[in-house]
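The values are calculated or read from the model by the stated rules, or taken from the named source; none is laboratory data. Keep in mind that what you see is a predicted model, and the values were worked out from it rather than measured. Cβ coordinates were reconstructed from backbone atoms using ideal geometry, including for glycine residues, and neighbour counts include every protein chain displayed. Remember, those area values only see protein heavy atoms, side chains included, never the ligands or the DNA or RNA. Shrake-Rupley method; radii C 1.70, N 1.55, O 1.52, S 1.80 Å.
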Amino acid sequence: QVQLVESGGGLVQTGGSVKLSCAASGRTFRIYAMGWFRRAPGKEREFVGGISWAGGITNYEDSVKGRFTISRDTSKNTLYLQMNNLLPEDTAVYYCAGNPPISGSWKSGEYEYWGQGTQVTVSS
C-alpha cells in the first residue's frame, strides 16, 4: 500500500503563488505515475495534471497550462504542484493521486491511491 499526504495549501491573493507537496510513503516502488486533482465548491472533481514517475513527462488540463507546473523528486518520493498567477476560480481542495489506470485516461480519476487533500483559497 502507498500513503499520500499533501501539504502547502492556504490562503493567497489573486496573482499569487503556492507550492503544494505530496509525500508518498509505504510501497513507493509501486508508483509509476501521479496526478493532481481538485474539487471546487459545488463542482465535480477535476484533473489538473499528471507526471510519469520515472521519466518526468507531464500533462496538464488546459485551464492551468502555463500557470501550473508539476514536478517530482524521486529520491524523496515527493510530488509537487507549483501554482503561479492564481485566480479565484483556482480555489479548491487539491488532491494528489498515485497510479492512474494503465489502459485508461489519466483524467478519469480511477487512481489506486489518494491523499486527503489540502485547501487552496484564492482571494479576489
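Data overview
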read-out: So L79, is it in a loop (DSSP other than H, G, I, E, B), crowded, with 18+ Cβ neighbours inside 10 Å, touching a residue at least 12 places away in the same chain (Cβ under 8 Å) and touching a Lys or Arg at 6+ places or on another chain (Cβ under 8 Å); value: no
read-out: Any hit, segment 98-117, residues being of a type in the set (S, T, N, Q), open to solvent by less than 60 Å² (accessible area, probe 1.4 Å) and in contact with a Pro (Cβ under 9 Å, 6 or more places away or on another chain); value: yes
read-out: Counted residues, segment 1-20 - those being within 16 Å of T121 (Cα to Cα) and touching a Phe, Trp or Tyr at 6+ places or on another chain (Cβ under 8 Å); value: 4
read-out: All positions within segment 17-35 that are farther than 16 Å from V2 by Cβ and either crowded, with 20+ Cβ neighbours inside 10 Å or out of contact with any strand residue (DSSP E or B) (no Cβ under 9 Å at 6 or more places or on another chain) (or both); value: V18, L20
